[in-house]
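Below is one structure, written out as structure tokens; the observations come after it.
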Amino acid sequence: MGCCDCLMKAILVIINSIVVVSGVALLVTGGIFFSKAHEFFDIDELDKYNSDITPIAVPLIVVGAILVLVGLVGCCGAISGKHGLLNIYIIVVVIVIVVEIAVCIYCVIKKNDIRDMSVEGGKVLMDNAKSGNATEAQITSVNSIQYILECCGTSGKDFWGNGEYPNSCCSTYTYEEATGKQLVMVSSCGEGTVYEEGCEDAFIQNYYNIGLAIGVIVGGIVVFELFCVIAACISKKQEDMVA
């Protein structure tokens with residue numbers, strides 16, 4: 001067995017070990033919030049996040065389970081050199097790659113529809129906050145949007161009316177979780193300045209940059225997965241030569 005083949009097998013084992021650990025982390029995180037086990041630990045810091053994270057607990061568990069399964073198959077296949085395990089690993093990773101590429105293509109084709117849906121969702125969120133019908137999670141989301149995009153309201157600070165606007169419209173705002181169902185309104189930013197641009201325009205300006213960043217990340221993941229497939233194929237080939 002050549003040094004290159006040993007190196008590829010070692011890399012495959014290391015990579016899939018990391019995948020297994022990541023999967024276990026997702027399983028534990030999803031399981032804690034799904035079962036609400038943290039209530040028995042009396043951890044106040046976890047309780048405030050419970051209502052927000054519970055809806056995504058199931059996807060976390062599912063993704064975690066898949067990662068653990070794929071990682072274990074990859075590790076066992078690389079260590080043992082068994083064709084059956086390596087074939088399963090290769091097939092699963094190739095399917096994941098195809099799905100990722102398909103999703104990317106779909107998002108590119110539907111990019112304008114996705115943008116419009118996102119803008120409409122943002123408008124509903126802002127309207128709920130303005131009318132006082134928002135939940136704590138929605139208030140946190142509004143503050144997050146205005147803080148990250150450096151914007152104010154749907155169309156600008158005047159959107160909020162009465163000469164007031166949320167403190168998250170100020171350049172001096174420090175992000176924090178909402179502790180109520182109402183925005184903290186101010187009439188002045190003190191030593192800071194108020195963001196004049198509306199969040200709708202700010203989002204549209206940043207939308208394609210965000211999409212590009214996501215595309216680059218997904219592209220890197222696909223390259224990484226292709227490398228795993230190549231490493232698995234090399235391991236199979238080496239076992240054939242030994243046999």
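The values are calculated or read from the model by the stated rules, or taken from the named source; none is laboratory data. From a predicted model like this one, the values you see are computed outputs, not experimental measurements. Heads up, the Cβs are rebuilt from the backbone with ideal geometry, glycines too, and the neighbour counts pull from every protein chain shown. What goes into the accessible areas is simple: the full protein's heavy atoms, side chains included, and nothing from ligands, DNA or RNA. Shrake-Rupley method; radii C 1.70, N 1.55, O 1.52, S 1.80 Å.
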From the set of residues in segment 195-215 that are modelled with pLDDT of 85 or more and surrounded by fewer than 16 Cβ atoms within 10 Å (Cβ to Cβ), which is nearest to residue 73 (Cα to Cα)? 206
Are any of the residues in segment 138-148 open to solvent by less than 50 Å² (accessible area, probe 1.4 Å) and of a type in the set (Phe, Trp, Tyr)? no
Just to be sure before I move on: is residue 157 over 20 Å from residue 211 (Cα atoms), at pLDDT 85 or above, among the charged types (D, E, K, R) and in contact with a strand residue (DSSP E or B) (Cβ under 7 Å, 6 or more places away or on another chain) in the structure I sent? yes
Evaluation of residue 171 against (1) modelled with pLDDT under 90; (2) in contact with a Gly (Cβ under 7 Å, 6 or more places away or on another chain); (3) among the hydroxyl-bearing types (Ser, Thr, Tyr) (one fails), failing number: (1)
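May I ask you to list the residues in segment 125-137 that are part of a helix (DSSP H, G or I) and surrounded by fewer than 19 Cβ atoms within 10 Å (Cβ to Cβ)? Break it down stepwise before answering.
Of segment 125-137, the ones part of a helix (DSSP H, G or I) are 125-131, 136-137.
If the condition is that a residue be part of a helix (DSSP H, G or I) and surrounded by fewer than 19 Cβ atoms within 10 Å (Cβ to Cβ), then 125, 127, 128, 130, 131, 136, 137 are the ones that fit.
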If you take the residues in segment 163-175 that are in contact (Cβ under 8 Å) with a residue 12 or more places away in the chain and part of a loop (DSSP other than H, G, I, E, B), which one is least open to solvent (accessible area, probe 1.4 Å)? 173
Residue under evaluation residue 154, criteria (1) of a type outside the set (A, V, I, L, M, F, W, C); (2) outside any helix (DSSP H, G or I); (3) open to solvent by 60 Å² or more (accessible area, probe 1.4 Å), criterion not met: (3)
